[in-house]
Structure formats: C-alpha cells, structure tokens
Amino acid sequence: MAPPMSAARFLDILRNEGVTVVEVGDWEHHHRNHRGPWGPVHGVMIHHTVTSGAEATVRICRDGYAGLPGPLCHGVITKDGRVHLVGYGRANHAGLGDDDVLKAVVAERALPPDNEANTDGNRHFYGFECENLGDGEDPWPEAQLDAVERVSAAICRHHRWTERSVIGHLEWQPGKTDPKGFTMAAMRERIRDRLN
Ligand SMILES: [Zn+2]
C-alpha cells in the first residue's frame, strides 16, 4: 500500500528508466478524481486498446468516448514504444474487479482466478493502454513490449514492489481478455529481470 507518487515524480521515474515519454496536453491535471478516490495504489495494470493508429489511439485514451469519459489510462504505449501521458490521477481503466486478486497483489502472492467484480480498480492501479487490436494476430513489436517492461519496472522500483504487483486487465476483471498476444507471466519475468 502506498500513496500515489506526484505527476512530476511519475514523469521522472519513467525517463530515468529509459522510456521515451510524450506529454499530451495538460495530462498532469486530467483525471477523474471528482468521481471517486485515487489511492492508495497497489499495482500496475496493462491493457490493449482494440484500436489502430497512434494518433487515434492516444486521442481516444485521453478523451474517452460516449459512456466512458477519459482519461482511460495514465500512459498510452504505441507500437513504436513511445509512452504518451494522457492523464494522471483516477482514470477509467480498471473498472470493477476481484477483491481476492487485489489481496494477492497487495501481498505479492500468486493470483487467484478473477471471478468477482466487486472492487474499484481505478482507485488502486496505475494503468497503461497499449495500441493493439487485441485479436491475437496484431503483432506486438519489441519496442512496445520493452516499453511495457520499463514503465512497469519504473513504478515497481519507486514503490519497492516486485513484478508481482503488475497484472493484466484479464487477471482483474471477469470477461476481459487484455492484453492478448503475450502472457503476463512472461512479461513479469522480464520485469523481474530488469529489477534485479
Ligand atoms: Zn483493459
């Protein structure tokens, strides 16, 4: 458990991890804090967008769409590996998930199956949306996977978390499939190796 870091610190730790950051508009003050709590934070959640094209993907994640106002995450990881910061604070990315999963993330234990949607995830997770169609065929370029690894490691380093604090949306909320095209187990190994 930890209070969220400041937006300025967030920017610093990403750059220090070698991430190519793009600041989008007034990202530091774009959030949903008026609609609910932000923090304490317990982990990092990875998503895919089901969109293609960097520009459209970043715009949707910043603005949201009818029925789901933005920001839809904190950082958008496009296929070129750049990380576009679109918001900071509470963001509409995690929705309701499983309290048993949250307990496992807090304890950094192996994850149980996600079979309940009873807990507000937007409060507790940093979120990254990755530009991918999510059909299992759209490729994940190495530059993009490298950025997923780096942003996750940077946050874990700051909070003194292990790779077990990084989960996929599909491990949080019943019915979700993202990210699809690589496994979170393999990504956690990469993050573990980077942290060691
Ligand atoms: Zn998702």
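Any read-out appearing in this document is the output of simple, stated calculations on the displayed coordinates, not a laboratory observation. Remember, it's a predicted structure, so these values are computed and weren't measured experimentally. Positions of Cβ are backbone-derived with ideal geometry, glycine not excepted, and every protein chain shown enters the neighbour counts.
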statement: A student applying the Cα gyration tensor rule (rounded when a/c is under 1.5; otherwise prolate if a/b is larger than b/c, oblate if not) would label the range 1-81 oblate
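Going by how many other Cβ atoms sit within 10 Å of their own, how do Val101, Val166, Val21 line up, fewest first?
Val21, Val101, Val166
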- request: Determine, for Lys176, Lys103, the number of other Cβ atoms within 10 Å of each Cβ, and report the residues in order from fewest to most.
  value: Lys103, Lys176
message: Could you work out [θ]222 nm for the chain from helices alone, using -39500 (n - 2.57) per DSSP H run of at least four and dividing by all its residues? Round to the nearest 500 deg cm²/dmol.
response: -9500 deg cm²/dmol
- request: Once every Cα of the range 71-148 carries one equal point scatterer and solvent is ignored, give the base-10 log of I(q)/I(0) from the Debye formula at q = 0.13, 0.19, 0.20 Å⁻¹, two decimals.
  value: -0.50, -0.94, -0.99
task: Diagonalise the Cα gyration tensor of the range 1-136 and give the resulting equivalent ellipsoid semi-axes, square root of 5 times each eigenvalue, largest first, whole Å.
output: 23, 17, 15
task: Could I have the simple spin-label model distance between Thr162 and Thr20, label points 7 Å from Cα toward Cβ, reported in nm to one decimal?
output: 3.4 nm
query: Spin-label point model (7 Å from Cα, Cβ direction): what's the Asp138 to Ala107 distance in nm?
result: 3.6 nm
message: Could you work out the relative contact order of the chain? I mean the mean sequence separation of Cα pairs under 8 Å and 6+ apart, divided by the number of residues, in percent.
response: 27 percent
